[in-house]
1. So if I take the alpha carbon set of region B:1-126, get Rg, then get Rh from the Kirkwood formula, what is the Rg over Rh ratio?
2. Could you bin all the Cα-Cα distances of region A:77-149 into 5 Å bins starting at 0 and give me the percent of pairs in each, rounded to whole numbers?
3. Stick to Cα atoms and the Kirkwood definition of Rh, then tell me Rg/Rh for region A:137-214.
4. Quick one, can you get me the convex hull of the C-alpha atoms of region B:1-63 expressed as volume per residue in Å³?
5. Report, in degrees rounded to the nearest 10, the 0 to 90 angle that the Cα long axis of helix B:27-40 makes with the longest principal axis of chain B.
6. Give the Debye-formula value of log10 I(q)/I(0) at each listed q (0.15, 0.25 Å⁻¹), with one equal scatterer per alpha carbon of region B:124-199, two decimals each.
7. Relative to the longest principal Cα axis of chain A, at what angle does helix A:166-178 sit, 0 to 90 degrees, rounded to 10?
8. Quick check for me: using +1 on Lys/Arg Cβ and -1 on Asp/Glu Cβ, what's the dipole size of region B:1-104 about its Cα centre, in debye to the nearest 20?
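We did not get these values from a lab; they are worked out from the coordinates using the rules stated. Please read all numbers here as calculations on a predicted model, not as lab measurements. Here the Cβ positions follow ideal geometry from the backbone for every residue, glycine too, while neighbour counts run over all protein chains shown.
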Amino acid sequence: MISYEDQMNIFELIGKAISKDIECYAFGGTAMMFYGYKDETKDIDLLFEDEDLRNEFVEAIKNLGFDETALVNIYIPEKLGDKNAPRMFKRDDSRFDIFLKKIFKTAMSPRMKEDLYAVHDFKGKNNLRVKVLGKEFIVLLKAVTERDRDFEDILTIVKKEKNFDWQYLIDEVLWQYNHGDSWVLLDAEKMIKELKKYIFIEQKYLKELYSAKK
Amino acid sequence: MDKELLLKKLEGLHTLDTVAEAIHIKKQSALNLLSGLKKEGYVTVSGGRQQKRFYKITARKQRKRDKGMFDIINKYSPMKLAPWYDHQVHGHYGPEEALIDAIQTQSFRAILASLRLFNHITDWGKLHRLAKEKGCWQKVGALYDVSRLYFRVRKMPPYKYKAKKWQNLTQLKKLNFPHIAKKWHVYMPFNEKDMGELL
């Protein structure tokens, strides 16, 4: 497992190792640690928009002792064949899941890029900029990735957040659906139905998803 | 009571009395509870000595912060910004970097507030290098000239420049301060009234 301090140390080391400025987006457990929702994570989830920058980042983590590994047993079989599946790098208990441009079928919407929770700059000779996505996007992407313990993380976020904006999440789901993500409605519906066993969520949000499908 | 429920109930700014009252416990028990939550990272304390102590309680852990662009601008500028994201820099960060970051945001308010940073630039060479790297030296030059019209600013050493094609600071394509805009080929979104916010 990677603790918050480990995560910051790793990013600082990468910031010193890279030979050009790099920007990436953090979601999943990494983003949850930046928020303060939890203290450790199994993996660091990052998304890059530029392949060259992704490759530069991969070189830096390889130099830190991370080796590429297979995705089997981490993601459900339906996701393994996806052309936008991540590259995975492991060292002992620490793991990087590195996505390029899309998280499976889910793209970076303009709102995802604009409504950031935080921006962390790790300065060495060059700058590693980690942009932390907003909480609604973290929940949506956790619903999309469907890994072990993703649902527990979703539950942690919605339980701890007084101001979780469900309408904002549904709007994003619909944007993704209208921009080619054919799975997102099903993933969101499954997540909301499961969450309703633990917390109160208005039925109107599910209705919005159903009406989009028609 | 379950810790999550307790934190949700107490979330916000409290004094010792309000904590004790909210969950119907004695003051000493409230103090012990707050001490435990502080150790776990859910509580930060301000005040003390002659001032009343305030306890900021959150359901999420409160991480130690490093300073970022908004912190530097709010420290030096009379025009304060409400950050729209939490910017933190892990490593050296000063007014030179903050000024360039403010320009990069293309935000009217961030750029306007950052004009006051010119008086705190100590390493002009660094500012010049950073601006060249980001391709915004024209903008820095134009902003410097505007700031000099309104308040005392340290003198910048002369750097060679060649005004290239016109650049926007924000989405507004306005030609305020025309002599400066034309000198640097930079559209200047601020007018004299806006500058009043910095005085």
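1. In region B:1-126, Rg relative to Rh is 1.13.
2. Percent of pairs per bin, in order: 3, 12, 19, 24, 22, 14, 5, 1, 0.
3. Checking Rg against Rh, the ratio lands at 0.93.
4. 80 Å³
5. Once rounded, the angle reads 50 degrees.
6. -0.51, -1.30
7. Approximately 80 degrees, to the nearest 10.
8. On the way: 19 positive and 12 negative charges, 117 e Å.
Dipole magnitude for region B:1-104 comes out near 560 debye.
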